[in-house]
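Taking it in order: structure first as structure tokens, then the write-up.
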Amino acid sequence: MNEINFTKGVNNKPVASNELQEILSKVNDISGECFFGYPLVATPEGSYSIDASIISPEKGIILFDLVEGTEIGDYKSRQDDLINYVESKLKVHRELVVKRQLIPALEVVTFAPAINNIEDVGDDYYLANCSNLREILNEIEWESADPEIYKLTLSAMESLSSIRKSRSKREARDPESRGAKLKNLEDSIATLDHRQNKAVIEIVEDVQRIRGLAGSGKTIVLALKAAYIHTQYPNWRLAVTFQTRSLKGQFKRLINNFCIEQSGEEPDWTKVRILNAWGAPGGDERDGLYYEFCRTTGQNFFDFRSASKQFGGNDKAFDGACETALAAVSDYPDLYDVLLVDEAQDFDPSFLRLCYAMLGNPKRLIYAYDELQNLSGKSVPPPEEIFGKDDHGNPIVSLGLDNRRDVILEKCYRNSRPILVAAHALGFGIYRSPKANSELGLVQMFDEPGLWNEIGYETSSGSLDKGKDVVLSRSSRTSPEFLENHSEDSDIFYVDKFECEDDQNEWLVNQIEKNINEDELRHDDIIVIHPDPISARKKLGPIRKMLFERNIQSHLAGVDTMADVFFQTESPSITFTGIYRAKGNEAGMVYVINSQDCETSGVGLASLRNRLFTAITRSKAWIRVVGYGDNMDDLIAESRKLFHENFSLNFKYPTDKELEKLRVVHRDLSPDEKARLDSKKKGFEEAIQSIGSGELEVDDLEDALSQLDEAQKKKFLEALRGKDE
């Protein structure tokens, strides 16, 4: 039985929409996507919202002109306009046109369910009510339907084929080159799946939560949702916020392109704001939601230095600042109609409550987060816990069983199955050997086994229960096969060890030169990630110098560029970065160097493996994990077991007692680990100098700050004070 997926946007014709959906849901010979209030098309008079549309492999495109009452008006002119608008929209896509004729079938039906005597007014234009709509649909056929053309048609109707294009034009002469394979991948993912469609188009008059893995499309969903809301409600005040500043350019590009595609105009940037969560004085570029809240309510603003001093450390500073801001105000300001929060896993609940407080009624707060971004074994708290209870003891926010308010994006469209499973295997230490008899090989694990199912894993054998052996794998349902069919597994995921750092660097430079000159990859197809943000500049410098001597330009994100810039678009340049600036970004080829630093025993191992997980999941096609020294042997051994298990996760699930041990064992300080940590801290002296000169930002340091002693914290705060001055 064929199935139509329904997605309801804004069309202000609820009765006709419901009647149409009821009839279409009972038709067995039509499949595809049905949108209400979507797509929007640009016309000389501005944005035009189509009442309803079906994109179907059996029928082509059917546009619906919905009539709520009995006055059908000049429906022929409306149908002519609809055809002209959509033809103009689609004909700019060359792959959908042959000899100036549109390939997909295109028809318009005026649907007026309140009219009974439809036969008295019908003619050669399709006019339908509930009694004859099925008959009309049976007449419409797309005889030359091709699966690939259908996907391209759906992508064009969703306005994604131009929005999701690469940052610069891609040309590949060799159809078997990496550049050609990457182009095919990008073309194949230029269509949203049904869950993503619903998350973008359906506007909920309350809090909405969007969950999913890295690469499941959360950022693009939020950007398109912001643009769709702005196009439909241009007078609403809307803001998008996040933790990783390099996301700012990506959000601005996506929102701008979508608005132009839908309305023919750029967004009104006085109504749409893209800003950091914290912010600081210094104009619009430095503004942030917390700073705006303080400025509006007239209370003292804590910068990072003063918040750390007041509330005690990097992990408590922003939380304390937000809690203080909320407690100081009883009458919250009505600043926005919609707030969208990306990377919500990076924030304490206090920031989400601050966002909630800045909204008028209804509270349209949309927050998205990655179930595994921190690999901490804990997820973002439920909304009942985040937003608390009212005076009667009832939850202020509860999503219930409404899947429109709680969207789970279980498919991963960035990472192929081998890359994603490898990231989880190394991030959790699934195949890691214990370093001592009393130690577990595992580094960390979810407290709740069922979370593995929620993020798209299936039980191949065993039992997904605590204390039980289990084998977990991903199917084509949640990891599409086209993401991995372009290359062998051993090419998609590659791990190697070198005798010394110089040998690693020489190999890396040779590989990048080959990528550019032979593989037809562009400079912005490549990211080089150093796991340790403190030493990144020092360690990456010699590699960049060698590339420069071979006439290959590169930049260190946030150092050679502004803090908000990740990819250099003005001229071809390869992005080098520490791990935290890499979050939220992606590329076809990702090199993770000095990976041996992500293996140790005892203190900080969970954090180090989190870095490795995040770095691996930046890759859209190929990942290279390289390093040198004895610790690299352990990562290679884990990777070999992963290949042997055909990229599945085969392990014994920890018991509650073992889970408790995992939460402690890799964070305790043994004498050896203390010595190692002291050595690390010496490198922090250079980091302090870099902060003072502006070469490093506070968010580049993240968990490293929590490992400082009081004297070093004081010195760090003094460096910040000097920077402020």
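Numbers for the structure displayed
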quantity: Convex hull per residue volume in Å³, alpha carbons only, for segment 275-363; calculated: 96 Å³
quantity: Over segment 421-461, relative contact order from alpha-carbon pairs under 8 Å, at least 6 apart, %; calculated: 26 percent
quantity: Relative contact order %, segment 8-163, counting alpha carbon pairs below 8 Å whose residues are six or more apart; calculated: 23 percent
quantity: Three principal axis lengths of segment 1-77 [C-alpha, angstrom, descending]; calculated: 41, 28, 22
quantity: Sequence of 482, 651 from largest to smallest accessible area, 1.4 Å probe; calculated: 482, 651
quantity: Estimated FRET transfer efficiency (residue 454, residue 74; beta-carbon r; R0 35 Å; 0.05); calculated: 0.10
quantity: Relative packing of peptides 421-431, 171-181 - highest average C-beta neighbours within 10 Å first; calculated: 421-431, 171-181
quantity: Residues in segment 312-350 reached by a label modelled at residue 236 [backbone nitrogen below 14 Å; 7 Å Cα→Cβ]; calculated: 336-341
quantity: Accessible area, probe 1.4 Å, largest first, for residues 110, 219; calculated: 219, 110
quantity: Histogram of C-alpha separations across segment 512-623, 5 Å bin width, %; calculated: 2, 12, 23, 25, 20, 11, 4, 2, 0
quantity: Calculated log₁₀ intensity ratio I(q)/I(0) where the Debye formula runs over C-alpha points of segment 333-478, q = 0.18, 0.20, 0.21 Å⁻¹; calculated: -1.15, -1.31, -1.39
quantity: Per-residue HN-Hα couplings for segment 90-101 [Karplus 6.51, -1.76, 1.60; θ = phi - 60°; Hz; x = Gly/Pro]; calculated: 7, 6, 6, 9, 4, 5, 9, 10, 10, 6, 6, 10
quantity: Segment 275-320 - Debye-derived log10 I(q)/I(0), Cα point model, q = 0.15, 0.33 Å⁻¹; calculated: -0.35, -1.15
quantity: Accessible-area ranking of 500, 294, largest first, probe 1.4 Å; calculated: 500, 294
quantity: Inter-probe distance in nm under a simple model that places probes 7 Å from Cα toward Cβ, at residue 517 and residue 641; calculated: 4.1 nm
quantity: Counting DSSP beta bridges with both ends in segment 42-162, the antiparallel % (nearest 5); calculated: 50 percent
quantity: Histogram of C-alpha separations across segment 183-245, 10 Å bin width, %; calculated: 17, 50, 28, 5
quantity: Packing-based order for 24-31, 209-216, using average beta carbon neighbours within 10 Å, highest first; calculated: 209-216, 24-31
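The values are calculated or read from the model by the stated rules, or taken from the named source; none is laboratory data. Worth saying up front: this structure is predicted, and the values here are computed from it rather than measured. Using ideal geometry, Cβ is built from the backbone for each residue, glycine included, and neighbour counts are taken over all protein chains shown. Only protein heavy atoms, including side chains, enter the accessible area calculation; ligands, DNA and RNA are left aside. Shrake-Rupley method; radii C 1.70, N 1.55, O 1.52, S 1.80 Å.
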